[in-house]
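The values are calculated or read from the model by the stated rules, or taken from the named source; none is laboratory data. What you see is a predicted model, and the numbers here were worked out from it, not measured in a lab. Note: ideal-geometry Cβ built from the backbone for every residue, glycine included; neighbour counts use all protein chains shown.
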Amino acid sequence: MESIAHIVSPLNAAWSAWMMFVLLLFAVVSEFLQPGVITKSGASLRVHIERAYKDAPTNYLSQFLITLFRIGTFAMGLCLCLCPDESFTFSAFIAICTVIFVIIAVKMLCNVLLDYTFELSRRFGSVYEHLANIFTMVACILYPCLLVLLRMGNREGSRWVVGIMTIVFVLLWIYRSARVFINTPMAILYFILYIITLEILPLGIILYLSSQTLLLI
């Protein structure tokens with residue numbers, strides 16, 4: 001009797017369930033190591049302090065784990081949006097994670113160079129912290145949505161959810177950055193250039209490279 005080929009999809013891909021569990025574990029351990037890194041991330045929208053967990057010393061393992069949680073959650077969303085059922089594999093997920101990590105690393109390098117050139121260290125230090133908090137907050141909202149979408153296997157719904165979360169992230173980031181950078185009329189022009197080149201453009205590159213990377217797998 002010939003064996004029946006099973007079609008891989010979000011509904012029967014065991015790796016996605018395990019990966020969501022690992023991402024949740026990353027988030028829980030990160031919050032345990034650095035209380036407030038998740039539960040108080042929303043405070044970044046209404047206060048001027050750099051870190052929502054105030055003056056506690058930075059726990060670098062916690063920061064590393066929460067970074068993995070953010071990247072993994074967003075990558076899972078893109079995997080649901082972009083991968084056909086037969087391409088919904090662990091290797092595709094890792095490829096998208098790699099693309100996101102590389103783009104973020106290049107973006108951070110550009111920010112450091114910009115900071116060094118124009119001596120904006122005080123402002124950029126605050127902006128980095130607020131960006132991390134907003135990214136964490138959006139990832140925490142996206143995570144339960146992905147659990148439902150993985151169960152439903154609805155790619156169209158995934159695109160709507162990830163698209164809305166991306167728009168929310170960009171709008172919150174623009175709002176938070178504007179409060180830091182805009183203090184003169186001329187600063188508005190610089191702020192617009194900053195948002196387009198170092199915020200919106202990297203997101204577009206992530207989407208483009210993710211889709212192209214999946215074609216090669």
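Regarding Ala27, is this residue small (Gly, Ala, Ser), closer than 23 Å to Arg159 by Cα and modelled with pLDDT of 70 or more?
No; evaluated as a whole, the condition is false for this residue.
Filter the stretch 143-176 down to the residues that are within 13 Å of the chain's Cα centre (by Cα), over 18 Å from Ala43 (Cα atoms) and surrounded by 15 or more Cβ atoms within 10 Å (Cβ to Cβ) and list them by number.
Answer for the stretch 143-176, where residues must be within 13 Å of the chain's Cα centre (by Cα), over 18 Å from Ala43 (Cα atoms) and surrounded by 15 or more Cβ atoms within 10 Å (Cβ to Cβ): Tyr143, Val162, Met165, Thr166.
Consider the stretch 30-46. How many of its residues are surrounded by 12 or more Cβ atoms within 10 Å (Cβ to Cβ) and at pLDDT below 75?
So the count comes out to 4.
Regarding Val127, is this residue surrounded by 15 or more Cβ atoms within 10 Å (Cβ to Cβ) and modelled with pLDDT under 80?
Yes; evaluated as a whole, the condition is true for this residue.
Can you name the residue in the stretch 63-82 that is among the small types (Gly, Ala, Ser) and either at pLDDT 90 or above or in a loop (DSSP other than H, G, I, E, B) (or both) and is also nearest to Glu129 (Cα to Cα) among such residues?
Per the criteria, the residue is Gly72.
Could you figure out which of (1) polar (S, T, N, Q); (2) in a loop (DSSP other than H, G, I, E, B); (3) at pLDDT 70 or above isn't true of Asn183?
In the conditions (1) polar (S, T, N, Q); (2) in a loop (DSSP other than H, G, I, E, B); (3) at pLDDT 70 or above, Asn183 misses (3) alone.
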